[in-house]
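Enquirer: This is the structure, below, for whatever I ask next.
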Protein chains: 2
Amino acid sequence: MKITEYIAALRENINEAREQGKTVVLIPTMGFLHYGHLAMAEDARKQDEDHEKIYIIMSIFINPLQFGPNEDLDKYPRNLVRDSRLAHEAGVDMLFVPSVEEMYPYGESLTTVNVSKITDILCGAYRTGHFQGVATVVSKLFNIVLPDAAYFGQKDYQQFIVIQQMVKDLNIPVKLIAYPTVRESDGLAMSSRNSYLSPEQRKQAPVLYRSLLDGASMIASGENRPEVVRERIIQRISTESEGKIEYVEVRKANDLSLVQRVNCTVVIALAVHFGSTRLIDNIIVEAQKDVEKHDEIKDS
Amino acid sequence: MKITEYIAALRENINEAREQGKTVVLIPTMGFLHYGHLAMAEDARKQDEDHEKIYIIMSIFINPLQFGPNEDLDKYPRNLVRDSRLAHEAGVDMLFVPSVEEMYPYGESLTTVNVSKITDILCGAYRTGHFQGVATVVSKLFNIVLPDAAYFGQKDYQQFIVIQQMVKDLNIPVKLIAYPTVRESDGLAMSSRNSYLSPEQRKQAPVLYRSLLDGASMIASGENRPEVVRERIIQRISTESEGKIEYVEVRKANDLSLVQRVNCTVVIALAVHFGSTRLIDNIIVEAQKDVEKHDEIKDS
């Protein structure tokens, strides 16, 4: 595995890979790698274990633009030595670890990429400017790497939808892959931010996933009122933990629009604070088909 | 010359050209071609008259996103039959003439590209949203074509600076070429909008360039007070025509910042309305070097 902090060196290596006819895959991360990141590299690698057809680039960049003034930019965990070893073992070909100066050589970026509407809700309602920072840095990474495909974790579901919208709207020639959330054995979604949790918080945090499963199972049993699903999740988290709920919402999975009735594939998404640590999670649920529900009613 | 309105067909042709090792050049226009446009195609073509090394794409797209509600979107002149003939004669390989639906298939674009600060001044101060529309559609064209180089006319000087900023900030891998303004024999900058002018307005309009030359010659003679240059130009336009001045400004050429004293390369830029027709023009002027000025003072 190669490693570079320079855009020019990265591009040179990518051009070489392309001349060898390789497909270029990008996995953007903020580092402090966990298996949620590594599973994406392994997924790309398993299609080409001999490094002959697929060139996997993982970027590690803690993007200041996507952090608010009161957020955890400064304390965001870093461990490049460990990250390099793990990325190498997962089959990454090139680790791109630019400095802030390499990515923003002119200080502030006068140019930003903005996705409207779907960035005003969920996390976007609480993290002003976050998705502008994400869209801008992902645009930059796409322009630097020109990847054929790029992986994003499903844990950041809204981020994926925002990037998908940007790619469609701006005609960016990349195939996006949403990779399923990887979880600890007790269900907690893997996240670099889990490292902030105290032992007690860590013990309580799996309630997030348990309550999402609850919600999913209510919908699977025919509950189609989003408010009822939402209330159950809020109640369970409040009862079983000291987590402070930021939001719990049931929205249409494909465009994050609100649903009056759950009659399509939805995402149940939540953000909860444990002390100063903000955790997010989500689950995708297919609605019961109307026809099945009618059958159930007939049967009962 | 080929012609298509479809992104997919365009990309297919570009891929073919690239496989033949050709360099891809993009010339974005809004059509109703004049020699200002064609000179750019000829410039690219003259380096490869046999169509063996350079693949020239000219786009014709009147981008609704860059027109304000009270602007001339609906009456903007169109003549695709004539444009095709002229583009072909100028050596264009592929004319891309997408419909609004092809460029914005989802109606509005949730995603926009925004360049701050340098879009609040000059034309940007009077055409709200204009440069957002420009930056967004040029981003799209760059992502569709992935050109090695792209031409823009120097007549739209602020547009060039905005696109240059966007390209730098977003790491877009394209070489930008600012092509010198092509003028009618009486000095009027070529523009599709000149076709709106009445015979009397057309007779008066060359005062814009004459007054810019005036300003340039004042600076060449050692005048370094931007206000004095500006006043002379305003006075001449007001005296010699019925043009209503929107702005006349002297700014630093490389980043459009204000200058207290003309001691660097500046752009004198102006926008003037003749009836309902808005014309713009500009001239780049190198300041007299301080050392020369000292000499002059010593000599006199």
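The values are calculated or read from the model by the stated rules, or taken from the named source; none is laboratory data. This one's a predicted model, so the numbers in the text were calculated from it and none came from an experiment. In this analysis, Cβ positions are derived from the backbone assuming ideal geometry, glycine residues included, and neighbour counts consider all displayed protein chains.
Enquirer: With segment B:87-179 as the region, which helices (runs of 4 or more DSSP H) entirely inside it contain at least 2 residues that are free of Cβ contacts under 8 Å to residues at least 24 places away in the same chain and surrounded by fewer than 23 Cβ atoms within 10 Å (Cβ to Cβ)?
Expert: By residue number, B:157-169.
Enquirer: Select from segment A:218-262 the residues that are among the small types (Gly, Ala, Ser) and over 20 Å from A:GLN154 (Cα atoms) and write down the one among them that is surrounded by the most Cβ atoms within 10 Å (Cβ to Cβ).
Expert: A:GLY243
Enquirer: While we're here: Is it the case that segment B:163-172 has a residue that's away from chain A (no Cβ under 14 Å) and either aliphatic (A, V, I, L, M) or within 8 Å of the chain's Cα centre (by Cα) (or both)?
Expert: No; the residues of segment B:163-172 include none that is away from chain A (no Cβ under 14 Å) and either aliphatic (A, V, I, L, M) or within 8 Å of the chain's Cα centre (by Cα) (or both).
Enquirer: Sticking with this one: Being within 24 Å of A:LEU170 (Cα to Cα) and touching a residue at least 40 places away in the same chain (Cβ under 8 Å) is the filter here, so list the residues in segment B:65-86 that pass it.
Expert: If the condition is that a residue be within 24 Å of A:LEU170 (Cα to Cα) and touching a residue at least 40 places away in the same chain (Cβ under 8 Å), then B:LEU65, B:GLN66, B:PHE67, B:GLY68 are the ones that fit.
Enquirer: While we're looking at this one, here's another question. Here are some conditions: (1) more than 18 Å from the chain's Cα centre (by Cα); (2) among the charged types (D, E, K, R); (3) in a helix (DSSP H, G or I). B:ARG193 meets all but one. Which one does it not meet?
Expert: (1)
Enquirer: For segment A:42-88, which positions are small (Gly, Ala, Ser) and under 16 Å from A:THR29 (Cβ atoms)?
Expert: Matches in segment A:42-88: A:ALA44, A:SER59, A:SER84, A:ALA87.
Enquirer: Looking at A:ALA87, A:ALA39, which one is outside the structural domain of A:LEU279 (by TED's automatic domain parsing) and in contact with a Pro (Cβ under 9 Å, 6 or more places away or on another chain)?
Expert: After applying the criteria, what remains is A:ALA39.
Enquirer: Would a scan of segment A:13-22 turn up a residue that is within 14 Å of chain B (Cβ to nearest Cβ), touching a residue at least 12 places away in the same chain (Cβ under 8 Å) and of a type in the set (Asp, Glu)?
Expert: Scanning segment A:13-22, I find no residue that is within 14 Å of chain B (Cβ to nearest Cβ), touching a residue at least 12 places away in the same chain (Cβ under 8 Å) and of a type in the set (Asp, Glu), so the answer is no.
Enquirer: With the structure loaded, tell me whether A:THR239 is free of Cβ contacts under 8 Å to residues at least 60 places away in the same chain, of a type in the set (Ser, Thr, Tyr) and within 25 Å of A:LYS117 (Cβ to Cβ) or whether it fails that test.
Expert: no
Enquirer: Out of curiosity, is A:PHE96 within 14 Å of another protein chain (Cβ to nearest Cβ) and modelled with pLDDT of 95 or more?
Expert: yes
Enquirer: With respect to B:LYS117, determine if the residue is charged (D, E, K, R) and within 10 Å of chain A (Cβ to nearest Cβ).
Expert: The answer is yes for B:LYS117.
Enquirer: Since B:GLY215 meets every condition but one in (1) outside the structural domain of B:GLY31 (by TED's automatic domain parsing); (2) surrounded by fewer than 16 Cβ atoms within 10 Å (Cβ to Cβ), which condition does it not meet?
Expert: Evaluating B:GLY215 over (1) outside the structural domain of B:GLY31 (by TED's automatic domain parsing); (2) surrounded by fewer than 16 Cβ atoms within 10 Å (Cβ to Cβ) leaves (2) as the failure.
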